[in-house]
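A.B. asks: Quick one: the structure is below, and I'll ask about it shortly.
The values are calculated or read from the model by the stated rules, or taken from the named source; none is laboratory data. Note that the structure is a prediction, hence the values are computed from the model and not measured. Glycine also receives a Cβ, built like all others from the backbone with ideal geometry; neighbour counts cover every protein chain displayed. Just the protein is used for accessible areas: all its heavy atoms, side chains included, with ligands, DNA and RNA removed. Shrake-Rupley method; radii C 1.70, N 1.55, O 1.52, S 1.80 Å.
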Amino acid sequence: MSIKITEECINCGACEPECPNKAIYEGGKKWSISDGTSKPYKPIFYKPKRKDIYFIISEKCTECIGFYDQPQCMTVCPVHCCVLDKIETKEKLLKKKFLLHEPK
Ligand code: SF4
Ligand code: SF4
């Protein structure tokens, strides 16, 4: 599954540095697939998904698979507003991880 941030976000910023895929952005910030990846993607930036609260790019969220046992944003969020969103298979999550990182 990938994770989403709900309206309860208090903009504390605790989740952003914990994400191994740099899939979390502060409201109003442009995002790019190239952020946090070891692959040579061109840094193309897209419009922010939210302007008022932090947001997660589902294309980059792998539920922290291969890095941590638990989604780190869910673990650190003080108001529990990082919640499960889309149902995705382990294979799909690993495919996303491979698109972002070199195999170890
Ligand atoms: Fe990032 Fe992991 Fe949260 Fe997904 S679950 S947004 S990969 S910290
Ligand atoms: Fe928002 Fe939770 Fe992230 Fe803080 S940790 S910015 S409250 S989603």
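A.B. asks: Go over the candidates Lys39, Lys22 one by one and state the one that is within 11 Å of ligand 1 (Cβ to nearest atom) and out of contact with any Phe, Trp or Tyr (no Cβ under 8 Å at 6 or more places or on another chain).
C.D. replies: Lys22
A.B. asks: Which members of the stretch 58-104 meet the condition of being of a type in the set (D, E, K, R), within 13 Å of ligand 1 (Cβ to nearest atom) and either open to solvent by less than 50 Å² (accessible area, probe 1.4 Å) or in contact (Cβ under 8 Å) with a residue 24 or more places away in the chain (or both)?
C.D. replies: Result: Glu59, Lys60, Glu63, Asp85, Lys86, Glu88, Lys96, Lys97.
A.B. asks: When you look at Lys29, is it open to solvent by 90 Å² or more (accessible area, probe 1.4 Å) and either on the phi > 0 side of the Ramachandran plot or free of Cβ contacts under 8 Å to residues at least 24 places away in the same chain (or both), yes or no?
C.D. replies: In short, yes.
A.B. asks: Same structure, new question: All but one of (1) within 11 Å of ligand 2 (Cβ to nearest atom); (2) without any contact (Cβ under 8 Å) to a residue 40 or more places away in the chain hold for Lys42; which doesn't?
C.D. replies: Evaluating Lys42 over (1) within 11 Å of ligand 2 (Cβ to nearest atom); (2) without any contact (Cβ under 8 Å) to a residue 40 or more places away in the chain leaves (1) as the failure.
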